[in-house]
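For reference, the structure discussed in these notes is given below.
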């Protein structure tokens, strides 16, 4: 349980920070697309007898970088490129699963998350990746924020916008596969998107919004894990429903005019 | 002393020649108004000068150096685009936006100074999307000025803004040029404003058909009429 909570908190913080940049860049479903492509990587790892998360990391990062390149080069719209990535990943996964003899308990745990089964090694990996990505974001905060706000002006100020874009996509790839252990492939975008959409309604400035998003995300994850443990149900659904509850509550507060106009 | 040199600048797009053999020099302290109808190539010219478009023939020099060899010249430039595009709900305050322009985090006091200079200090904790067009443009000027640029480049910065804000905006530009000696390169459709503010004028319509002192341009009825005709033709062509 302790490992689950520690890992869950780290993943919550990581997803809300990386997810904030994705949401503001209008890449809300990008996390979903990478998660679906990671499914192909997981299936490949299971078939090859390699630790599936490693192949998932590899496939996710490569898919994310390729689709970004294709989108830029062939001028395909963001939502279309997400649809391509999303369906390719699942399709490849299904074909590989077909060769390996069908669905197993391992496949289900990747589809729906298995944070309560997280090992010591997994926890160390999650904490390390979270720490590294957060440090990178802190060091390059101005460049990432500026290029998210307005790419053209960021370029004129000397920021290498293309490199920053690839960095964001790379970090998103790692974050997605890390988070798959908590909520699974099917619900990953909830962790990226919902706390941020909620926080944007509250926060004035960027740092304030990020802190609020992290708080909502951590609350949903901790409460979700504890409630699901007590009720003996899957944490993923509980976490996402709590997150949606916070969003719904915020919308209610806003409708009642109790929130300043944002 | 020249601070910007454009020599034989030509830009081809697949269907059209956007700029044709444009050459001019901007000296330190100049206030240059670039005028021309829609489609004249003003934004293309700025894109090339700012490194956003590198597919051109000819040379562009800032501070004596060809911009194709190094991007360092951008450190000496402040840029205010026509109408900055951003999400209305983007969670950044006025302070956050101006801070984006800071290259050196130790210059944070400069933000307060600039906000006060432009009469937007009391808006510093408001979200950028909540402000009026005129207020937003002052924020983007503040962002452009926060690094003490030697050159300020503005691409039709008052399009769609209320008249009161425009007057305030022009008085700010006048002060920046006359008191702080910032070189200003500014594209505009407002001939009256260019006449009042700019000491040099460049008339652009894919080629440069005048560059010189604004007094000379505005005292020559034939030149002013030629620009006005070109503008009218462009207006009628599009309608």
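Odds and ends about this structure:
- Just one of the listed residues (B:206, B:174) is under 30 Å from residue B:103 (Cβ atoms) and surrounded by fewer than 23 Cβ atoms within 10 Å (Cβ to Cβ), namely B:174.
- Matching residues, region B:100-130, being over 17 Å from residue A:153 (Cβ atoms) and surrounded by 17 or more Cβ atoms within 10 Å (Cβ to Cβ): B:110, B:115, B:117, B:118, B:120, B:123, B:124, B:126, B:127, B:130
- Filtered by the rule that a residue be closer than 20 Å to residue A:60 by Cβ, at pLDDT below 80 and in contact with a helix residue (DSSP H, G or I) (Cβ under 9 Å, 6 or more places away or on another chain), region A:95-109 gives A:96, A:97, A:100, A:106, A:107, A:109.
- Picking from residues in region A:111-158 that are part of a loop (DSSP other than H, G, I, E, B) and more than 12 Å from chain B (Cβ to nearest Cβ), the one that is modelled with the highest pLDDT is A:140.
- Set side by side, the residues A:191, A:186, A:167 differ, and just one is in contact with a helix residue (DSSP H, G or I) (Cβ under 9 Å, 6 or more places away or on another chain), more than 14 Å from chain B (Cβ to nearest Cβ) and under 30 Å from residue B:67 (Cα atoms), which is A:167.
- In region B:83-97, the residues that are at the interface with another protein chain (Cβ under 7 Å from one of its Cβ atoms) reach residues that are surrounded by fewer than 17 Cβ atoms within 10 Å (Cβ to Cβ) and assigned to a loop (DSSP other than H, G, I, E, B) with C-beta atoms within less than 6 angstrom, at least six apart or across chains, in these pairs: B:93/B:125.
- Breaking point among (1) surrounded by fewer than 24 Cβ atoms within 10 Å (Cβ to Cβ); (2) within 14 Å of chain B (Cβ to nearest Cβ), for residue A:241: (2)
- Taking the criterion of being surrounded by 20 or more Cβ atoms within 10 Å (Cβ to Cβ) and closer than 30 Å to residue A:198 by Cα, the residues of region B:81-93 that qualify are B:91, B:92, B:93.
- Restricting attention to region B:98-135, the residues being assigned to a helix (DSSP H, G or I) and more than 12 Å from chain A (Cβ to nearest Cβ) number 16.
- The conditions of being part of a helix (DSSP H, G or I), more than 19 Å from the chain's Cα centre (by Cα), more than 14 Å from every other protein chain (Cβ to nearest Cβ) and surrounded by fewer than 24 Cβ atoms within 10 Å (Cβ to Cβ) are met by residue A:252.
Yes/no matrix, rows are residues, columns are (1) surrounded by fewer than 23 Cβ atoms within 10 Å (Cβ to Cβ); (2) more than 14 Å from chain A (Cβ to nearest Cβ); (3) part of a loop (DSSP other than H, G, I, E, B); (4) on the phi > 0 side of the Ramachandran plot:
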{"residue": "B:33", "(1), (2), (3), (4)": "no, yes, no, no"}
{"residue": "B:47", "(1), (2), (3), (4)": "yes, no, no, no"}
{"residue": "B:54", "(1), (2), (3), (4)": "yes, no, yes, no"}
{"residue": "B:58", "(1), (2), (3), (4)": "yes, yes, no, yes"}
{"residue": "B:61", "(1), (2), (3), (4)": "yes, yes, no, no"}
{"residue": "B:68", "(1), (2), (3), (4)": "yes, yes, yes, no"}
{"residue": "B:74", "(1), (2), (3), (4)": "yes, no, no, no"}
{"residue": "B:79", "(1), (2), (3), (4)": "no, no, no, no"}
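- Qualifying residue in region A:173-188 (condition: touching a strand residue (DSSP E or B) at 6+ places or on another chain (Cβ under 6 Å) and more than 23 Å from residue A:69 (Cα to Cα)): no
- Residue selected from region B:147-176 under the condition in contact with a strand residue (DSSP E or B) (Cβ under 8 Å, 6 or more places away or on another chain) and in a loop (DSSP other than H, G, I, E, B), by the criterion nearest to residue B:40 (Cα to Cα): B:156
- Hey, residue A:212 without any contact (Cβ under 8 Å) to a residue 24 or more places away in the chain, buried (at least 20 other Cβ atoms within 10 Å of the Cβ), under 28 Å from residue B:124 (Cα atoms) and out of contact with any strand residue (DSSP E or B) (no Cβ under 6 Å at 6 or more places or on another chain) or not: yes
- The residue of region A:194-210 that is farthest from residue A:140 (Cα to Cα), among those that are under 17 Å from the mean Cα position of the chain (by Cα) and within 14 Å of chain B (Cβ to nearest Cβ), is A:198.
- Tallying residues that are surrounded by fewer than 20 Cβ atoms within 10 Å (Cβ to Cβ) and within 9 Å of residue B:35 (Cβ to Cβ) within region B:190-203 yields 2.
- Filter result (farther than 15 Å from residue B:46 by Cα and in contact (Cβ under 8 Å) with a residue 60 or more places away in the chain) within region B:4-20: B:17
The values are calculated or read from the model by the stated rules, or taken from the named source; none is laboratory data. For clarity, every value in this text was computed on a predicted model and none was experimentally measured. Reconstructed Cβ throughout: ideal geometry from the backbone, glycine too, with neighbour counts over all protein chains shown.
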